[in-house]
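Chemist: Here it is: the structure, laid out below.
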Amino acid sequence: MKILFFLVVTANVTFFMWKFKTGAFTPVIATVAQQTAANQEPIVLLGELKPALPNTAPSEPIEAKIEPPPVRCYEAGPFTLPSDYQHWLNVLAGSYTVKPVSKDGQSPRRYIVSSPSSSSEETEASLQMLKKQGITDYFVYRPQDGGQEISLGIFSTEVRAKTMQGQMLAKGIDAKIKVEYKTKTQKYLLIKNADNPQELLATLQKTYPELTLRDGECW
């Protein structure tokens, strides 16, 4: 009987060890662990927390906006002589954007130096004064606005007309300058200045003071 009991115990121990090695008890433990995890929230220690990594993705470079230089445009003219027009067209084109244009405008036709009078008696008194001064180069005419005037000279330039006017005034004779105009195609230069020096424009105004240099429309 003792031998039989010993064999039964040995068989049970061997069977139990074989079941343990083959993992027969593992599903039971796992099932218990899963049930425990389903009923309780997991506990995470403070030391187990990992700090969030900063966003190290390269940022796009910000391009600096470069403001374009201010642009101003001018209109120079009118040019009466073709040689002056061509000269300044060549000179300015070296530093500026230049656009030649032509347009109709009123240009002086002639300058008339005259002594106006409002009546025949006043005209006669002015004629007697001219004779006393030894002035015989004159004639009487009627302007379009009425009355009478004594023409003392007709000139093609304003400078010569002003010279005659000054001589008449010095002799006590009332003298005025009237300008007659005509329609004529005149030449201008449109000048675009984009941060360029102003010396050329200043020289243009100084060389030709009769020209006008004013702000114009840019194109």
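Chemist: First measure r as the distance between the Cβ atoms of R110 and K65, then evaluate 1/(1 + (r/R0)^6) with R0 = 45 Å and state the FRET efficiency to the nearest 0.05.
Modeler: Given R0 = 45 Å and the Cβ-Cβ separation, E is 0.20.
Chemist: Counting only pairs 8 or more residues apart or on different chains, how many lysine pairs in segment 71-214 have their Cα atoms under 16 Å apart?
Modeler: 10
Chemist: Compute the signed sum of charges (Lys and Arg +1, Asp and Glu -1) over the other residues within less than 15 Å, Cβ to Cβ, of I154. All intermediate terms of the calculation are to be shown ahead of the outcome.
Modeler: Values: positive: R109, R110, R160, K162, K176, K178, K182; negative: D137, E149, E158, E180.
Summing Lys and Arg as +1 and Asp and Glu as -1 gives +3.
Chemist: Sticking with this structure for a sec: What ³J(HN,Hα) values, in whole Hz, does the Karplus curve 6.51 cos²θ - 1.76 cosθ + 1.60 give for segment 109-126 when θ = phi - 60°, with x put for Gly and Pro?
Modeler: Whole-Hz 3J(HN,Hα) from phi for segment 109-126: 8, 6, 10, 10, 9, 9, 10, x, 8, 9, 8, 5, 5, 5, 5, 5, 5, 5.
Chemist: Taking H as built 1.01 Å from N, whose amide H comes closer than 5 Å to the amide H of T212, not counting residues under 5 places away?
Modeler: Those lying under 5 Å, H to H, from T212 are G77.
Chemist: Evaluate Rg over Rh across segment 122-195, taking Cα atoms for both radii and Kirkwood's formula for Rh. It would help to have the intermediate numbers written out before the result.
Modeler: Values: Rg = 18.3 Å, Rh = 15.1 Å.
Reported Rg/Rh, Kirkwood definition of Rh: 1.21.
Chemist: I'd like the FRET efficiency for L169 and V101, computed as 1/(1 + (r/R0)^6) with the beta carbon distance as r and R0 of 41 Å, rounded to 0.05.
Modeler: After rounding, the FRET efficiency stands at 0.50.
Chemist: Report the residues of segment 108-143 in range of a label on Y181: point 7 Å along Cα→C-beta, backbone N strictly under 19 Å from it.
Modeler: 108-113
Chemist: Show me, for segment 155-167, the HN-Hα J-couplings you get by feeding each phi into the Karplus relation (A = 6.51, B = -1.76, C = 1.60, θ = phi - 60°), rounded to Hz, glycine and proline as x.
Modeler: 10, 8, 10, 6, 5, 5, 5, 5, 5, 5, 4, x, 5
Chemist: Between beta-carbons, use under 11 Å as the cut-off and find the net charge around K182, counting Lys and Arg +1, Asp and Glu -1.
Modeler: Values: positive: R109, R110, K184; negative: D104, E180.
Value of the local net charge: +1.
Chemist: Step through the residues of segment 84-95 one at a time and calculate ³J(HN,Hα) from phi using the Karplus curve (6.51 cos²θ - 1.76 cosθ + 1.60, θ = phi - 60°), rounding each to whole Hz and writing x for Gly and Pro.
Modeler: Once θ is set to phi - 60°, the couplings for segment 84-95 become 5, 4, 5, 4, 6, 5, 6, 5, 5, 5, x, 10 Hz.
Here, each number is a calculation from the coordinates, and none is a lab measurement. These numbers were taken from a predicted model, which means no experiment stands behind them. Every residue, glycine as well, gets a Cβ built from its backbone with ideal geometry; the counts of neighbours run over all protein chains shown.
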